[in-house]
Amino acid sequence: MGSPAHLAAQWANRLLATAPFNRKILEKALVVFLYHEVSGSPSEFNRLFNLTVSPDSFSRHLDLIRSRFHIIGPEELLSGNYHRPAALITFDDGNLSVFHEAFPILKSKGIPSVAFLNMGPIQGEVCWSGLVTYLQRYEPGFVSRDGRRPAGNEFRDLTEAEVMPYLEGKEALLERVRIFRGPVASEADLRAAAGDPLVTLGNHLYNHYNATLLSDRLKEEYLKNQRLLEGYS
């Protein structure tokens, strides 16, 4: 099974190759192709959620997308001054491989992209989505607020009040979580990317919390992240 972005590329290609009605729909489309990790050595977390693609596959995806779409950048998107069908290439979560693998490929093809970053993990905090996933899968001693092990997708609803006390004094656990989650970009990577006209750094909240649980903190998490990102604009 391919990555979500790969499946979207396949869908678009098939749609354009079929009935005239389908082609007419896509001719007016703006499609966002969202990637996460671009790596030949994907992390367990990204494999688990099918969020990874190899550099060679990524390069082929771009060639396919470019053969069918006008690939645009955020300035064109915001101005509305672009031809359709259009495509926007984006990344979530700030994986290190995006900076070291994906950006060079994009640069070689002259293709713009947007990387949406969580500055918390980039500055050394453990990534929340990686943490709660690890706790559910590998920490039998961890229980949720009602004394049960989280099952299914319940781990996505865990709160800091439930999780943080369990982490006290467990530095080795946090290091295992970082390995499980996979490497994220450094501030040096951000400084290097900030000088590339084809790269835009965007806001994906300060840490990778479940935004539906943040309530009145959602704005705070966004603004905190934005203040840190402004240092790389």
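The values are calculated or read from the model by the stated rules, or taken from the named source; none is laboratory data. All values reported here derive from a predicted model rather than from experimental measurement. FYI the Cβ positions are ideal-geometry reconstructions off the backbone, even for glycines, and counts take in every protein chain you see. Ligands, DNA and RNA are stripped out before the accessible areas are found, and what is left, the full protein with its side chains, is counted by its heavy atoms. Shrake-Rupley method; radii C 1.70, N 1.55, O 1.52, S 1.80 Å.
Below is a table of values for the structure above.
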{"quantity": "Whichever residue in region 196-233 is among the aromatic types (Phe, Trp, Tyr) and buried (at least 19 other Cβ atoms within 10 Å of the Cβ) and, among such residues, is modelled with the highest pLDDT", "calculated": "Tyr206"}
{"quantity": "Region 83-122, residues that are acidic (Asp, Glu) and either surrounded by 24 or more Cβ atoms within 10 Å (Cβ to Cβ) or not in a helix (DSSP H, G or I) (or both)", "calculated": "Asp92, Asp93"}
{"quantity": "Selection within region 53-77 - under 21 Å from the mean Cα position of the chain (by Cα), open to solvent by 70 Å² or more (accessible area, probe 1.4 Å) and under 22 Å from Ser233 (Cβ atoms)", "calculated": "Glu75"}
{"quantity": "Region 134-163 residues that are farther than 13 Å from Leu213 by Cβ, paired with ones that are aliphatic (A, V, I, L, M) and in a loop (DSSP other than H, G, I, E, B) (beta carbon under 8 Å, 6 or more apart)", "calculated": "Leu135/Leu158; Gln136/Ala151; Ser144/Leu158; Arg149/Val143; Pro150/Leu158"}
{"quantity": "Residue ranges of helices (runs of 4 or more DSSP H) in region 154-220 with at least 2 members hydrophobic (A, V, I, L, M, F, W, C) and in contact with a Cys (Cβ under 8 Å, 6 or more places away or on another chain)", "calculated": "none"}
{"quantity": "Residue list for region 48-80, restricted to those being in contact with an Asp or Glu (Cβ under 8 Å, 6 or more places away or on another chain) and outside any loop (DSSP other than H, G, I, E, B)", "calculated": "Thr52, Val53, Pro55, Phe58"}
{"quantity": "Subset tally (residues that are closer than 20 Å to Arg227 by Cβ and either open to solvent by 30 Å² or more (accessible area, probe 1.4 Å) or in contact with a Pro (Cβ under 7 Å, 6 or more places away or on another chain) (or both)) for region 123-139", "calculated": "4"}
{"quantity": "Residue selected from region 152-191 under the condition at pLDDT 95 or above and of a type in the set (Gly, Ala, Ser), by the criterion nearest to Tyr232 (Cα to Cα)", "calculated": "Ala188"}
